[in-house]
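A quick write-up on the structure given underneath.
The values are calculated or read from the model by the stated rules, or taken from the named source; none is laboratory data. This one's a predicted model, so the numbers in the text were calculated from it and none came from an experiment. Here the Cβ positions follow ideal geometry from the backbone for every residue, glycine too, while neighbour counts run over all protein chains shown.
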Amino acid sequence: MGTGTGTTATATATGNVEVTPPDSTVIRTGAFSWLFPRRSALVAVALSLVIAVITALASFASSTGMSFTETVQGLFGTGDPATVMLVQDFRLPRIAVGLMVGAALGISGCLTQTLAGNRLATPDVIGVNEGATAAVVASVVGSSTGLIGDWWLGPLGAVAAAVLVVLCAGGAGSRGYRVLVVGIGVSTVIGAVTDLVMSRENDNTAGGVFLWTVGSLSGRDWSAGTPLLLILLVLVPLALVAGGRLQLLRFDDDMASSLGVNITLVRALTLALAVALAGVAVGIGGPIAFVALAAPVVAGRLAGPTRVPVIGSALTGAALIAAADALGRVVAPVEIPVGVITSVLGGPFLLWVLFGKNDSTSVSASGKA
């Protein structure tokens with residue numbers, strides 16, 4: 001029979017009642033059972049195919065005028081050495097780094113939105129991205145080269161900003177609006193300090209830093225991609241576990257506690273994961289705007305309201321970054337940084353989020369926005 005939440009209930013031989021979401025299938029093997037999410041799995045497959053197409057198109061997107069034939073020869077290593085080096089040593093690693101940065105931002109946004117119960121509570125709004133940016137910018141103070149500092153400074157700055165926001169907000173509890181408002185204030189202050197620091201630098205340094213602060217994958221290769229891949233291999237499984245726990249936090253605190261959830265621990269660890277993912281992404285790709293906002297919203301609409309779309313957000317974020325970076329290489333005679341493209345596209349999307357109807361990602365189960 002149907003239940004009020006859109007799930008289906010069936011009686012077992014022992015008289016117990018099993019509740020199964022309408023988008024899932026129960027798979028049993030002996031004494032073990034698994035709730036297979038049909039809709040989420042189909043969405044993941046579809047998004048993977050989209051990423052494959054975007055990656056193929058991005059391989060041919062270039063502002064250098066390289067032809068389709070030359071690109072194919074470079075991919076297979078049969079072209080001239082300069083073409084092979086350009087495609088295999090620069091373009092392909094850049095695409096891979098962009099996919100991983102997008103995945104990290106997507107997951108981070110998904111965790112923070114679900115944790116705060118508000119679609120606007122993303123790392124770029126609550127000050128995490130600004131903290132990571134400030135830490136990297138501080139590393140080039142006094143430099144005459146304009147080269148960006150080590151990427152690992154991003155996570156350190158992100159953690160510092162997150163701690164400041166949580167302390168000022170009185171904890172990362174269920175009042176997501178307080179974290180959001182405090183985060184906006186902290187983000188504004190940190191951004192102003194970063195701009196002040198940049199204004200005191202020479203033109204060469206300020207120009208190089210500015211390109212990175214708008215979000216750019218230019219020059220990113222396997223030296224940045226390899227540690228990012230290793231970090232994601234550790235953090236993504238943890239984020240999946242956190243997503244499962246966050247589903248229970250959509251109920252009120254008393255209900256979640258009765259289900260065996262340590263609310264304080266889950267919130268703290270989830271926030272730490274989100275901050276780490278955002279900090280690494282910003283440290284490598286710069287503060288690319290709106291991806292952490294858009295990816296979870298799109299993934300949630302595709303996968304439905306019954307689950308926290310961690311995998312869907314990762315795939316959507318990867319697709320958005322790869323598409324925006326490829327678009328920035330072909331829409332103008334000179335390359336446009338990926339952060340500029342996402343900002344231009346993100347403005348209308350933000351209006352759609354603000355004026356669109358509320359769903360499970362915008363309002364928490366307790367009814368607090």
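The residue pairs whose first member lies in the stretch 68-91 and is touching a residue at least 12 places away in the same chain (Cβ under 8 Å), whose second member is part of a helix (DSSP H, G or I) and among the acidic types (D, E), and whose beta carbons are closer than 6 Å, counting only pairs six or more residues apart or on different chains, are T83/E70. Taking the conditions exactly as written (at pLDDT 75 or above, assigned to a helix (DSSP H, G or I), of a type outside the set (D, E, K, R) and more than 22 Å from the chain's Cα centre (by Cα)), does S59 satisfy them or not? It is true that S59 is at pLDDT 75 or above, assigned to a helix (DSSP H, G or I), of a type outside the set (D, E, K, R) and more than 22 Å from the chain's Cα centre (by Cα). Taken over the stretch 57-67, the residue count meeting the criterion of being surrounded by fewer than 20 Cβ atoms within 10 Å (Cβ to Cβ) and touching a residue at least 40 places away in the same chain (Cβ under 8 Å) is 3. Residues in the stretch 65-82 include at least one that is modelled with pLDDT under 70 and not basic (K, R). Within the stretch 188-200, identify whether any single residue is closer than 29 Å to N262 by Cα, modelled with pLDDT under 85, outside any helix (DSSP H, G or I) and over 21 Å from the mean Cα position of the chain (by Cα), and answer yes or no. Scanning the stretch 188-200, I find no residue that is closer than 29 Å to N262 by Cα, modelled with pLDDT under 85, outside any helix (DSSP H, G or I) and over 21 Å from the mean Cα position of the chain (by Cα), so the answer is no.
State which residue is surrounded by the fewest Cβ atoms within 10 Å (Cβ to Cβ) when the search covers only the stretch 258-317 and only residues that are assigned to a loop (DSSP other than H, G, I, E, B) and free of Cβ contacts under 8 Å to residues at least 60 places away in the same chain. Only one residue tops the list, namely G260. Within the stretch 186-218, the only residue that satisfies the criterion of being small (G, A, S), in contact (Cβ under 8 Å) with a residue 12 or more places away in the chain and surrounded by fewer than 15 Cβ atoms within 10 Å (Cβ to Cβ) is G207. Residues being without any contact (Cβ under 8 Å) to a residue 40 or more places away in the chain and closer than 14 Å to S216 by Cα: count how many of those fall in the stretch 318-358. Here the count works out to 4.
Between G244, G260, the distinction of being under 20 Å from the mean Cα position of the chain (by Cα) and either over 19 Å from V136 (Cα atoms) or modelled with pLDDT of 85 or more (or both) belongs to G244 only.
Determine whether V179 is crowded, with 21+ Cβ neighbours inside 10 Å, aliphatic (A, V, I, L, M), at pLDDT below 85 and under 19 Å from the mean Cα position of the chain (by Cα). So V179 fits the description; yes. Cβ separations smaller than 6 Å between residues 6+ apart or across chains give no pair from the stretch 30-56 residues that are in a loop (DSSP other than H, G, I, E, B) and of a type in the set (V, I, T) to residues that are modelled with pLDDT of 80 or more and surrounded by 12 or more Cβ atoms within 10 Å (Cβ to Cβ).
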